[in-house]
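Asks: Questions regarding the structure given below will be posed in turn.
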Amino acid sequence: MFLEDEFAIGRIRMRRISISFLVAITALVACIAAMFGLASAARAETAQASSQLAALVRPNDVNSGSLLFPSKEPGFFVEAPRVKSDVAVGVSGPIARVKVTQRFRNPSQGWVEGTYVFPLPDNSAVDMLKMQIGKRFIEGQIKPRQQAREIYEQAKAEGKKTALLEQQRPNIFTNQVANVGPGEEIVVQIEYQQTVRQSGGEFLLRFPMVVAPRYNPAPIVQTVEFNNGAGFAKPRDPVENREKIEAPVLNPSENARINPVSLTVDLKAGFPLGDVRSSFHDIDIRQDGEQARTISLKGDAVPADKDFELTWKAVAGKTPSAGLFREVIDGKTYLLAFVTPPTAPDAAAPPKREVIFVIDNSGSMSGQSIEQARQSLALAISRLNPDDRFNVIRFDDTMTDYFKGLVAATPDNREKAIAYVRGLTADGGTEMLPALEEALRNQGPVASGALRQVVFLTDGAIGNEQQLFQEITENRGDARVFTVGIGSAPNTYFMTKAAEIGRGTFTQIGSTDQVASRMGELFAKLQNPAMTDIAANFEGIAAEDITPNPMPDLYSGEPVVLTAELPQDKPAGKLQIVGKTGDQPWRVEMAIANAADGSGISKLWARRKIDDFEARAYERHDPAALDKDIEAVALAHHLVSRVTSLVAVDVTPSRPENEALGSAKLPLNLPEGWDFGKVFGENAVPPGGAERHGAATPGGSAKPEQAAAATPEIANMIAAAPTAKAATLIAQKSATVNLPQTATRADEQIMRGLIMLLLALAAASGLAVWRRRLKGLMTGAKRNGL
């Protein structure tokens, strides 16, 4: 009995020791874990603080759209510079003067050079560049392109703040700003002049806000040139300076919209105003008398992801049919004239038409754009007459000629074509040239007495415009080319020029709401004969220079718009414009003495003179002489062109000699309505902008120096990667976070540490309870004599 009691007491003691040991171990582990948690939290907070000093961020720390590059610090990224734009538009009659203020902000802790790719209207005459540093303004100087580049590079190397404005296309410009200090903001102002577009009694002003990613076909050997008998042929790149028109593009599903734009328009129409509206943005309108309005965007700013379009009309019966304005500079008179011919009488028997519809269903047309294109084309097909013939060609990086040639526009054929069009989906690259060749070369001869028309529906998101212009020039024959610009940010340079070379006209459709009205205008132009044989001359003046030359054909509702340079400061006489509608002659005369005073007309004349030179480039066999002609006009009128640039330099160095400089291209939004995956591929990061599929270079790969996002200091923080593309893929995968983080990792570690401390305290409390219970058991055993 005694031995059994002793054994029971021993078991109780062993259990007490085991429990005490386990509780102690648990408490020790909990305390150690808590200490590690707190230490980890402290390290995380220290890393976060140091990363902020080093310009490192995490995806969830960024509350607006940013371009992030992977860093050497796991989980952290380098943030690129940003830009904000303020646009002030002043409209006086048919002329608009626009001031664009771009604010470059450097969020990093190093010195940076930023390159911003941005659009302007294709008819803009860019003549002013100013750089603001503090309260000082430094005005840019117009120089030949190469000389301007050398001035900029030297100033950049010397640590001076400098800006360079270059034209890459008539509607794509780049602004480079060097030596922007840590946390610094540099302001650059650009000014340009343009004419307001008129059609059908409506006046239209469009300000493009984003450069849509371009599809850039790969270089191919088109023409074999055996130089000096070497026996080798060099490939010709169909995309001029492709690297200049590319910029990083943010995926809207993973990034907030960036590059905010504020915009105001001071509209002085010169006639009593009726309806004034914005096609794609919400606006506030303030009336300043019957002829003036002040228009501004609702809210402070909008993201730069779609074009701004403003239209206005006169009060019924007050639409001007003609206008004549003049500007006298350096003893010369510059004229701007417009006149809308009367509507042609309806023809007794409209000519039979042969219409080849070409529709773009590439990846950039996905979303809203393909729906607009399908609706527009279905409506156009339904309006064909039974005596017409037609065909439908669709293209992405492949092409389909639906009817394999022209067919009669019977109800059955129209229904088949409409069903086919409505079934199209958007995907792939934009190989436009084969489709254009098929439309111009392979549809057979034009039937006797018929009028052939090629109608192109596309967003024009391509970089090889010159290839297409040359194809139209050489193979159009008697056909006329009409372009329909689709989407929120179409390439209006391509649309306008292709229609001009093709002796047609262009229409813009930016939303499904515009399909019926804009296509209705196009039908009126397609079904009415053009006013042809238009010419202008001056009575009593021997020397004149009129643009455009030659004068284009006109369609229903379109005005004749011309500019001229006259050698006298007070010329007399009359401007005479003649033309022909069918067999009916038309003529108008305007007395030069009655011209109203205007400003900026000389710039508009020079811009159109340069356009004339460029349009005849295919006829010139001496490219150097052509460039000299363009350079002479551009320098004389202080204009940016393909061969001239604006450069501004601050004479005072700002970057210390021991501080190095890095560079980055500033990111752009994807145009509204575009599908990121369809443009760049479902798992791809766009290095500079273009679509997937086909033999195209998708904008080219991101360059390591672009990925460095800023400075050598920042460049040293960029994580090493086998290739630049790999680096961008790492950035995308690391940056894909769908939900905002409600607590930082440091907060998380602190919480874990506190929880472990509470567990340790609970374990210690449990140990005390067990001790009291065991002491009670031992006392009871002694009392019972155990």
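FYI, it's all coordinate maths here, none of it is from the lab. Given the structure is predicted, the values throughout are model-derived calculations rather than measurements. We place every Cβ from the backbone using ideal geometry, glycine too, and count neighbours over all the protein chains shown.
Asks: In a shell of Cβ-Cβ distance under 15 Å around Y493, excluding Y493 itself, what net charge do Lys and Arg (+1) and Asp and Glu (-1) give?
Replies: Values: positive: R169, R197, R206, R214, K244, K497, R607, R608, R642; negative: D122, E240, D307, D459, E465, E500, D611, E614.
So the surrounding residues net to +1.
Asks: Once amide H atoms are built 1.01 Å from N in the peptide plane, which residues 5 or more positions from L670, or in another chain, come under 5 Å H to H?
Replies: Result for L670 returns L250.
Asks: For D545, what residues show an amide H to amide H distance below 5 Å, using hydrogens built from the backbone and excluding near sequence neighbours?
Replies: E565
Asks: Continuing with this model, one more query. HN-Hα J couplings of the range 115-129 from phi, Karplus 6.51/-1.76/1.60, θ = phi - 60°, integer Hz, Gly and Pro as x?
Replies: Here the 3J(HN,Hα) series is 10, 10, 9, 8, x, 9, x, 5, 9, 6, 9, 7, 9, 9, 9 Hz.
Asks: Based on the mean of other beta carbon atoms within 10 Å per residue, what is the order of 590-603, 189-202, most packed first?
Replies: Details: 590-603: 17.4, 189-202: 20.1.
Top of the packing list down: 189-202, 590-603.
Asks: Additional query: Please compute the modelled spin-label separation between Q291 and T532, points set 7 Å along Cα→Cβ, answer in nm with one decimal.
Replies: So the two model labels end up 4.0 nm from each other.
Asks: Let me ask something else. My understanding is that a pair violates if its Cα-Cα distance is over 25 Å; which of K332/K609; K268/K298; K298/K525; K352/K525; K99/K244 do that in this structure? Working shown, then result.
Replies: Working: K332/K609 16 Å; K268/K298 20 Å; K298/K525 35 Å; K352/K525 14 Å; K99/K244 23 Å.
Cα-Cα > 25 Å for K298/K525; rest within.
Asks: If neighbour count is taken as other Cβ atoms inside 10 Å, put S296, S92 in order from fewest to most. Kindly include the intermediate steps, with their values, before the conclusion.
Replies: Working: S296 14, S92 17.
If I rank by nearby Cβ atoms, fewest first, I get S296, S92.
Asks: Under a point spin-label approximation (7 Å from Cα along Cα-to-Cβ), what is the I329-R277 distance to one decimal in nm?
Replies: Simple spin-label model gives 3.7 nm for this pair.
Asks: Provide the FRET efficiency to the nearest 0.05 for the K416-A596 pair, computing r from the beta carbons and using R0 = 45 Å. Walk me through the intermediate numbers first.
Replies: Details: r = 55 Å, r/R0 = 1.23.
Efficiency at R0 = 45 Å is approximately 0.25.
Asks: Here is a follow-up. Full-extension gain between E158 and E240, please, as 0.36 nm times their residue separation minus the C-alpha to C-alpha distance. Numbers along the way, then the final one.
Replies: Numbers: separation 82, 0.36 × 82 = 29.52 nm, distance 3.03 nm.
The E158-E240 span can extend by a further 26.5 nm.
Asks: What does the extension gain come out to for A572 and D478, with contour length at 0.36 nm per residue minus their alpha carbon separation?
Replies: On the way: separation 94, 0.36 × 94 = 33.84 nm, distance 3.98 nm.
Length gained between A572 and D478: 29.9 nm.
Asks: Can you say what percent of the DSSP beta bridges in the range 353-527, counting only those with both residues inside, are antiparallel? Round to 5. Display every interim value, and only then the final one.
Replies: On the way: 5 of 29 bridges.
Just about 15 percent of them are antiparallel.
Asks: Under 20 Å from a label point 7 Å along Cα→Cβ of T343: give me every residue in the range 315-334 with its amide N that close.
Replies: Of the residues in the range 315-334, 315-322 have backbone N under 20 Å from the label point off T343.
Asks: Kindly put V392, V578 in sequence by how many other C-beta atoms sit within 10 Å of each C-beta, fewest to most. List each step's numbers first, then the result.
Replies: Values: V392 23, V578 15.
So the residues, fewest neighbours to most, are V578, V392.
Asks: Taking H as built 1.01 Å from N, whose amide H comes closer than 5 Å to the amide H of F280, not counting residues under 5 places away?
Replies: Counting only residues 5 or more places away or on other chains, the set is E309.
Asks: Okay, moving on. So if I place +1 on the C-beta of Lys and Arg and -1 on the C-beta of Asp and Glu, and nothing else carries charge, what would the dipole magnitude of the range 353-527 be about its Cα centre? I want it in debye, nearest 20. Walk me through the intermediate numbers first.
Replies: Values: 17 positive and 22 negative charges, 110 e Å.
Magnitude of the dipole: close to 520 debye.
Asks: What's the local net charge at D388, with K and R +1, D and E -1, over the other residues with C-beta under 12 Å away?
Replies: After counting each charged neighbour, the total is +4.
Asks: If you average the alpha carbon positions of the range 614-630 and of the range 568-582, how far apart do those two centres end up, in angstrom?
Replies: Measuring centre to centre over Cα atoms gives 28 Å.
Asks: Using θ = phi - 60° and the Karplus form 6.51 cos²θ - 1.76 cosθ + 1.60, what ³J(HN,Hα) does each residue of the range 394-408 get, whole Hz, x for Gly and Pro?
Replies: Along the range 394-408, the couplings run 10, 8, 10, 8, 10, 8, 9, 9, 4, 8, 6, x, 6, 10, 5 Hz.
Asks: Taking K and R as +1 and D and E as -1, what net charge do the other residues with C-beta under 10 Å from the C-beta of E166 add up to? Each step should come with its number before you reach the end.
Replies: Numbers: positive: R145, R149, K244, R642; negative: none.
Around E166, the surrounding residues sum to +4.
Asks: Would you order L336, L324 from fewest to most other beta-carbon atoms within 10 Å of each residue's own beta-carbon? Can you show the working numbers first?
Replies: Working: L336 25, L324 18.
With the sparsest Cβ surroundings first, the list reads L324, L336.
Asks: Express as a percent, rounded to the nearest 5, the fraction of DSSP beta bridges in the range 446-560 (both residues included) that run antiparallel. Provide the component values of the computation, followed by the final result.
Replies: Numbers: 1 of 11 bridges.
Roughly 10 percent of the beta bridges in the range 446-560 run antiparallel, per DSSP.
Asks: Starting from the Cα gyration tensor of the range 353-527, take the square roots of the eigenvalues, sort them a ≥ b ≥ c, and report rounded, prolate or oblate (rounded when a/c is under 1.5, otherwise prolate if a/b is larger than b/c, else oblate). Each step should come with its number before you reach the end.
Replies: Values: a/c = 1.33, a/b = 1.11, b/c = 1.20.
Rounded is the answer for the range 353-527, as its axis ratio a/c remains below 1.5.
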